[in-house]
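Take a look at the structure below.
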Amino acid sequence: MTLHHVVAHDLGLSRARAILDEAFAHYSDKYPRAQMKRTWRSEREATVDLQVGGFRLTPRLHVSDTEVVLDIDVPLLARPFVPKIKDKLDREVRFWLARSREP
C-alpha cells in the first residue's frame, strides 16, 4: 500500500525546497535513531531513507511551484496506522510551510 499525500503551497519551488531541507535537518537532529538520509535525485525529486518503529521506510518527495507530494510504501504491519501517519504528516508539513512565512 502506498500512502499518497499532497500539500498545496504558494512558496515557489526554491523556497519550498529550502523549507524541506530545513525540516529534514531539524528532524535528523531531533531523531538521530531514525538514521535519516535524504537524497535529491533532481531539482524536484528526493528520497528519504529512515527507520521508524522498527520499519525501514523510503518516502519519495516531489516538489513543484505549488505543491509537495509525498509517497510512502507502507509495510503491512504499519497499515493500521496510516490515518494517524497521514494526519501527523499533514500537520508537520503545514507547520513548516507556515513557519516559512514568518518574518
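Cβ crowding within 10 Å ranks 36, 1 as 1, 36, fewest other Cβ atoms first. Loop-resident GluC sites (Glu not before Pro) (DSSP state other than H, G, I, E or B) in the chain with no more than 16 further Cβ atoms inside 10 Å of their Cβ: 43. Hey, for a label at residue 15 modelled as a point 7 Å past Cα toward Cβ, could you say which residues of the range 78-103 have their backbone N under 12 Å away? Within reach of a label on residue 15, which here means backbone N under 12 Å from a point 7 Å along Cα→Cβ, the range 78-103 contributes 97-103.
Mind checking the dipole of the range 2-99: about its Cα centre, +1 per Lys or Arg Cβ, -1 per Asp or Glu Cβ, Debye to the nearest 20? Each step should come with its number before you reach the end.
On the way: 17 positive and 14 negative charges, 75 e Å.
Roughly 360 debye for the range 2-99.
Look at where the Cα atoms of the range 26-59 and of the range 73-92 average out, and the two centres are 15 Å apart.
When the trypsin sites (Lys or Arg not before Pro) in the chain are filtered for DSSP coil states and for at most 15 other beta-carbon atoms within 10 Å of their beta-carbon, the remaining sites are 41, 44, 101.
Strictly greater than 16 Å: what percent of every Cα pair in the chain meets that? Walk me through the numbers on the way to the answer.
Details: 3039 of 5253 pairs.
I get 58 percent for the Cα pairs in the chain exceeding 16 Å.
Just so you know, all these numbers are worked out from the coordinates, no wet-lab data involved. Computed from a predicted model, the values in this text were never measured in an experiment. Glycine gets a Cβ as well: all are built from the backbone with ideal geometry, and neighbour counts include every protein chain shown.
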